[in-house]
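Report on one structure; see the data block that follows.
Throughout, read-outs are computed from the coordinates displayed, never taken from laboratory work. The structure presented is a predicted model; accordingly, all values stated were derived computationally and were not measured. In this analysis, Cβ positions are derived from the backbone assuming ideal geometry, glycine residues included, and neighbour counts consider all displayed protein chains.
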Amino acid sequence: KTVSATGVGYTGPEEGRDPRAQAGEFVTSPMGVRLPDTDHSLKAGRRGPTLLEDFHLREKINAFDHERIPERVVHARGAAAHGVFTAYGTAGNITRAAVLAEKDLQTPVFVRFSTVLGSRGSADTARDTRGFAVKFYSKEGNWDLVGNNMPVFFIQDAIKFPDIIHAGKPSPSREIPQAQSAHDSFWDFVTLHTEATHHTIWNMSDRGIPRSFRMMEGFGVHTFRLVNEARDTVLVQFKWTPKLGVHSLTWEEAQLAMGADPDFHRRDLADAIEAGAFPEWELGVQVFPDNDEQMYEGIDLLDPTKIVPEEMVPVQPIGKLVLNANPTNYFAETEQVAFNTGHVVPGIEFTNDPLLQGRNFSYLDTQLTRLGGPNWRQIPINRPHAPVNDNHRDGFMQQGIPEGDAPYLPNWVDGGEPVPADWEHGGYVNVPRHVEGDVVRESQSSFEDHFSQAAMFYASLSHPEQVHVTEAYAFELGKVYEKEIKERALTVLAKIDTELCRAVAAGLGLPAPEPDLVDHLDPSPALAQVTGETYPVD
Ligand code: HEM
């Protein structure tokens, strides 16, 4: 049996109080020894050398010396809040996950918004993708929906993630994002790996400079598989829609905010919550049949660089998120929280999206280093609100005092109970999914279209939004040193829109290449009538 860490073993005069609470009448050492003075070190005479014997000096400086932990390798800068998710019950026919299925069920959540590339101390309003990570402390265990404010990603296979991040992070030589080499490496990567084109144009649009975290959409990006009580499965994509609508800064506003208030977004979030203006989002799903092809009307649902336009498959509302409390302590909560796409609950399964499969490994792996070993799960912000009985033992920074002598199952020594849970007892039982194929290190032909959805996105924008995109490409590519890379970027734009390509070329002082336009989907509402099956969630 694993017992709670809180207060375990503490038998002092204030028995039951968490000894880590940092409260009490007196200042003490970490061992609880009351201290008369915390401003002067122990010396041999007032002008004498400091004594090694001064345990208070050593402990105080030692604790300070080790205050920093590594920042996240990506998404290092973030701000977070607590809240509540209320299920409408409308998803009850597509998933058995209570957090989504049970009408009016309220589940506590912790949500962290972030930029991707900047360090922990970087400015909030940089042009970048924003993270939108939600931890649901469901009664069936923790579920993390680790999304972004854009519905697509740069790459189709997790094996390229170190490469795109190396290309986008500050340059290794100068550690300056604005150094010539950093702009060169980002644009070099996204024009050599052209599956990045769709995500890149979202970044160059106003979506790359949100006005507020409260005014961002959020997307799960991947297709997930939901399972209902009857073991029927569907495929879904998750979307958060902000009650305040989607709003962005202009580039000039973003630049001014970077200088005048680098904490623009985190201040906005905390101030709004403190003032009682609680931000709200509606969670919705697009639902697709779970067939062998995992395609919808020619769009590969396993390709994270693609969307299915909402005009073709509407987003159906399934619940509401309200953020209603700021964290008490930034480090303990916002910094130490550990999201992981691999944290799922019964009723929510993965698909074979090769980006998702790699993420499921990466988060757990990085958190072993970032949070100092396997026991980060016991950090208060990461603890499930469901009972834990996992037979895990020991490890660095173990906080629990498990009882019993037989941490394995079944066992006779501790009485052989409890037993693993089956489907009827709410166990995470995978619904079989058929897999077959040769072992290959290859992509698939359905992943080869890199441009049509970027062209569709650009065509869907209003004129002022298109002007902003044009200016953003001209500005960002203007920081690129190598002419070869700028020319390659223009050949990509030539596939998206002739006027966009021409205007950016003019901005760069280069000739525009011949138009090389791709066909793109026209997501007009009429299309909704010709697409196949629809799945009403209620
Ligand atoms: C962190 C989203 C792709 C590795 C994050 C965070 C978000 C996020 C929101 C911040 C979590 C937080 O607030 O603590 C996404 C999305 C992706 C994606 C939406 C694509 C659809 C990937 C891939 C990998 C990866 C492909 C690796 C193969 C990481 C790592 C962290 C991270 C290592 C830091 C986690 C930590 O230190 O706790 N990601 N990511 N991500 N992501 Fe991703």
From phi via Karplus (6.51, -1.76, 1.60), per-residue ³J(HN,Hα) for the range 111-122 in Hz, x at Gly/Pro: 10, 10, 9, 7, 8, 9, 9, x, 7, 4, x, 7
Candidate lysines - alpha carbon under 18 Å from K60, same-chain residues fewer than 8 apart omitted: K43
With at most 16 other Cβ atoms within 10 Å, longest stretch of the chain clear of loop chymotrypsin sites (Phe, Trp or Tyr not before Pro) (DSSP): 27-395
Computed helical MRE - 222 nm, the chain, DSSP H runs ≥ 4 contributing -39500 (n - 2.57), nearest 500: -7500 deg cm²/dmol
Segment E442-R47, length gained on full extension (0.36 nm per residue, minus Cα span): 135.0 nm
10 Å beta-carbon shell around G358, net charge (K/R +1, D/E -1): 0
Proximal charge balance of W423 [Cβ under 10 Å; K/R count +1, D/E count -1]: -1
Cα gyration tensor, the chain - rounded (a/c under 1.5), prolate or oblate: oblate
Protection proxy ranking of 98-105, 430-437 - average other beta-carbon atoms within 10 Å, highest first: 98-105, 430-437
Distance in nm between pseudo-label sites at H166 and T241 (7 Å out along the Cβ direction from Cα): 4.2
Global geometry of the range 35-173, whether rounded, prolate or oblate, following the gyration tensor of its Cα atoms and the 1.5 cut on a/c: oblate
Contour minus Cα-Cα distance for Y408 and H392 (0.36 nm per residue): 4.8 nm
From phi via Karplus (6.51, -1.76, 1.60), per-residue ³J(HN,Hα) for the range 276-285 in Hz, x at Gly/Pro: x, 8, 6, x, 10, 9, 9, 8, x, 10
The range 141-212, relative contact order [Cα under 8 Å, separation at least 6], %: 34
Charge tally in the Cβ shell below 9 Å around A338, where Lys, Arg are +1 and Asp, Glu are -1, A338 excluded: +2
Helix 55-65 axis, angle to the chain major axis (alpha carbon atoms, nearest 10°): 10
Entries in K169/K306; K169/K320; K239/K486; K160/K486; K306/K495; K139/K306 that, when Cα-Cα distance is taken, lie over 26 Å: K169/K320; K239/K486; K139/K306
Under the Karplus curve 6.51 cos²θ - 1.76 cosθ + 1.60, θ = phi - 60°, whole-Hz ³J(HN,Hα) for the range 474-489, x wherever Gly or Pro sits: 5, 5, 5, 5, x, 8, 7, 8, 7, 4, 4, 6, 4, 5, 5, 5
Relative contact order [Cα under 8 Å, 6+ residues apart], the range 194-338, whole percent: 25
Cα gyration tensor category, rounded, prolate or oblate, for the range 341-385 with a/c compared to 1.5: oblate
Segment L368-R174, extension gain: residue separation times 0.36 nm, minus the distance between their alpha carbons: 67.0 nm
Cα→Cβ-extended label distance, 7 Å offset, between A230 and L192, nm: 5.2
Relative contact order of the chain, pairs being alpha-carbon contacts under 8 Å that are 6 or more residues apart, as %: 18
The chain: angle of helix 498-508 to the longest principal axis, Cα-based, in degrees nearest 10: 60
